[in-house]
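Enquirer: Input: one structure, supplied below.
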């Protein structure tokens, strides 16, 4: 079956659309391109400013729950008959030294960022495969290209997603499904607020108490003067995804070029730069 030309009325399902986040901006950007957008979040109240936008269909969805994912996907297919684009955006930041970070926090981060994404993929792929067309967009992170101190759990989860996305691209191509790895740099969003709220629930560090200020600062690193507005990021990302032949890898945003260069540096040099930058 040939892929559809154009993208008018494409049905797009996006996870993690709470107000102030990347998913929220992506929902508006896809809608502006004429798509029918299903914006989801764990709580409908967290995206209530989208309630009155007739271009959007709001749905509660918790990517950590098999039941919630199944119910939401069935509701979307029941309403629209198909899902053309799945955007796996729901994610958690997690800041803290790996040697003292509670394993429950690490597991929770991976359950959202990695297994939550795969839960969505496994729920949606059968519908796309039946039609021999579809696009899966996984939101990774440029931070995973040069994993530094204090955010190892987050960068590891995103690195895992990069690897899984590469495999999915090869496996799902046979079914007519395009897979895109979107790798944001520093994008203005509410990720720092949620990261700090989560950080405030952490136990007091013992060995790493002297690094308290640096660790806390890492939670807000992506929200500095070099961060890219989420609307700008969403605009260019949506344009790339909606191409007839979307790119396998799309990176955009503050520090993205810098981190791509860091990825190719000798380790001793990368370590030197990261220690200076992140006060390790």
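Every number here is computed from the coordinates shown, using simple stated rules; none is lab data. Small disclaimer: the values here were computed from a predicted structure and weren't measured. Using ideal geometry, Cβ is built from the backbone for each residue, glycine included, and neighbour counts are taken over all protein chains shown.
Enquirer: Name every residue in the stretch 178-189 that is closer than 11 Å to residue 22 by Cβ and either under 13 Å from the mean Cα position of the chain (by Cα) or without any contact (Cβ under 8 Å) to a residue 24 or more places away in the chain (or both), in order of residue number.
Expert: 182, 184, 187, 189
Quick grid of which residues meet (1) over 17 Å from the mean Cα position of the chain (by Cα); (2) surrounded by fewer than 24 Cβ atoms within 10 Å (Cβ to Cβ):
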| position | (1), (2) |
| --- | --- |
| 64 | no, yes |
| 72 | yes, yes |
| 78 | yes, yes |
| 82 | yes, yes |
| 88 | no, no |
| 92 | no, yes |
| 98 | yes, yes |
| 102 | yes, yes |
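Enquirer: Quick check on my filter: what residues within the stretch 49-62 are touching a residue at least 24 places away in the same chain (Cβ under 8 Å) and either within 19 Å of residue 155 (Cβ to Cβ) or loosely packed, with under 13 Cβ neighbours inside 10 Å (or both)?
Expert: Answer for the stretch 49-62, where residues must be touching a residue at least 24 places away in the same chain (Cβ under 8 Å) and either within 19 Å of residue 155 (Cβ to Cβ) or loosely packed, with under 13 Cβ neighbours inside 10 Å (or both): just 49.
Enquirer: Looking only at residues that are in contact (Cβ under 8 Å) with a residue 60 or more places away in the chain and assigned to a helix (DSSP H, G or I) in the stretch 118-137, which one is farthest from residue 172 (Cα to Cα)?
Expert: If we take residues in the stretch 118-137 being in contact (Cβ under 8 Å) with a residue 60 or more places away in the chain and assigned to a helix (DSSP H, G or I), then 120 is farthest from residue 172 (Cα to Cα).
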